[in-house]
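S.K.: Handing you this structure, nothing more for now.
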Amino acid sequence: MSSAFIVLFVSLCMLSPAWASGGHNAHDHHAVPTLANQVTTTVTIEDDLVRLTFGPIDLPSAHDGDLAASMPKHVFQLPKDMYMVGFKSEVFTKDGTQLPRNYLHHILMLNNDKPSVSCPGEPLFFGGAGLEMTEAKFPDGYGVKLAKGQNLMSVVAFYHKAPPTRDVMASFTMYMARDGASVKEMDVYQVGVNVVCYSKFSQRGADQTDEGIEIKPGVQVHAAPLKFSMDGCVKFAYPHGHDELLLIALENKTRKETLLRTVPDVSMDGTFLEFPPHQVYKNGQGFAVTKSDDYEMVMVHHHPLQKKEDQHGMGNYLLYMTPGACPGPSTAQVR
């Protein structure tokens, strides 16, 4: 498509209630408010880019609903079948001034017409970003299919402790495969030490909130068991973490293998800076995960002893995988 155009805005009411607001009635306190003067989301498509632009909005802004939205959820459709082969996010002011990455709490991209494999009963979470804002580019020849007419939804939250700032905006740009390109379709599977499925938030422990797991002073190691509900070959792993994170890892306990070991760059006081490109797993050969083996997610934090502020941590991966076994020997991050 050679010229840009605005995709038709679709009302949130077209969503099934269970997916639109986490299974709650639209009139309860979890629903996203629908006020006359809402901040807006626009969607533009030009060539092989699909770009969502959010705002402007004045910060700080409260979070609402199970998915912690700062602004109304937005539903849109694509005019043709497309394959997402990567994405990036940005946060800035209306005049184009770039803002620190920690102004963004999260962007979630959901496919309301395709069920999640990792979170039964929920829509597919197929992309997004937190404060890491890592740019994702999948191995050549692989992508996530977004079909014509499917109801795709964005959920955006800005950091509720951000300093007062006017006209804040964010964007989420999806890189799409060119028309006619040969693309192998990937599933998307989310895993984490913290509870990642919003339908299971009621099962969170007393030390876990929407912000993550409480991090106490000093070094803390958290781990959570994991069973996969599908066999797959992981080609790309998108990491997510918060300030003071030292490490996240995915381990196969049955085979005694560390599959992913991701270390972020942080400042002297532990403030998150980025996941360096060499710490983001990307491999066309991939590594295998199975329904039969036992796995564990691990995260390590250090909370400076002199810091009095509360800190909550997360350690997540969004795993992009083809179904079934890997062709040939698998190639995990750690050998």
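The values are calculated or read from the model by the stated rules, or taken from the named source; none is laboratory data. These numbers come from a predicted model, not from an experiment. Please note: Cβ atoms are built from the backbone with ideal geometry, for glycine as well, and neighbour counts cover all protein chains shown. Please note that ligands, DNA and RNA were not included when accessible areas were found on the heavy atoms of the full protein model with its side chains. Shrake-Rupley method; radii C 1.70, N 1.55, O 1.52, S 1.80 Å.
S.K.: What residue among S89, S267, S116 shows peak mean-square fluctuation when the chain is described by a Gaussian network model with Cα springs under 10 Å?
M.R.: Highest fluctuation of the listed residues: S267.
S.K.: Using a 7 Å offset from Cα along Cα-Cβ at Q203, what residues in the stretch 98-129 end up with backbone N under 17 Å from the label point?
M.R.: 116-123
S.K.: Give the accessible area for T271 in Å² (nearest 10); use a 1.4 Å probe, count only protein heavy atoms, and leave out ligands, DNA and RNA.
M.R.: 40 Å²
S.K.: Okay, next question. If you plug each phi of the stretch 206-220 into the Karplus form 6.51 cos²θ - 1.76 cosθ + 1.60 with θ = phi - 60°, what whole-Hz ³J(HN,Hα) values come out, in order, with x for Gly and Pro?
M.R.: 5, 8, 10, 10, 4, 7, x, 8, 4, 10, 8, x, x, 8, 10
S.K.: At a 1.4 Å probe, what is the % contribution of carbon and sulfur to the accessible area of the chain?
M.R.: The nonpolar share, carbon plus sulfur, comes to 53 percent.
S.K.: Taking only Cα atoms and a 10 Å spring cutoff, compute GNM fluctuations for the chain and point out the largest among M268, M176, M314.
M.R.: Sorting by GNM fluctuation, first place goes to M268.
S.K.: Keeping all protein chains in place, calculate the accessible area per residue for the chain (probe 1.4 angstrom), answer in Å².
M.R.: 45 Å²
S.K.: Counting pairs on different chains as well as pairs 8 or more places apart, how many Lys pairs in the stretch 39-182 have Cα atoms under 24 Å apart?
M.R.: Number of lysine pairs found: 22.
S.K.: Assuming a ≥ b ≥ c are the square roots of the Cα gyration tensor eigenvalues, decide whether the stretch 39-182 counts as rounded (a/c under 1.5), prolate (otherwise, with a/b larger than b/c) or oblate.
M.R.: Taking the square roots of the gyration eigenvalues as a ≥ b ≥ c, the stretch 39-182 is prolate.
S.K.: Got a sec? Which residues in the stretch 93-112 would a label at D58 touch, if it sits 7 Å along Cα→Cβ and we count backbone N under 18 Å?
M.R.: Output list for this probe position: 93-95.
S.K.: Expressed as a whole number of Å, what is the distance separating the alpha-carbon centroids of the stretch 172-221 and the stretch 272-335?
M.R.: Going from one Cα centre to the other spans 11 Å.
S.K.: Points 7 angstrom from Cα along the Cβ direction at K148 and E296: gap in nanometres?
M.R.: Rounded to a tenth, the inter-label distance reads 5.0 nm.
S.K.: K253: which lysines have alpha carbons under 18 Å from its alpha carbon, excluding same-chain residues fewer than 8 sequence positions away?
M.R.: Result set, ordered by chain and number: K227, K291.
S.K.: Out of Q279, Q306, Q203, any idea which swings most in a Gaussian network model of the chain, alpha carbons joined below 10 Å?
M.R.: Comparing Q279, Q306, Q203 in a Gaussian network model of the chain, the most mobile one is Q306.
S.K.: Which of the trypsin sites (Lys or Arg not before Pro) found in the stretch 109-195 are in a DSSP loop and have at most 16 neighbouring Cβ atoms, other than their own, within 10 Å?
M.R.: Passing sites in the stretch 109-195 are K148, K161, R178.
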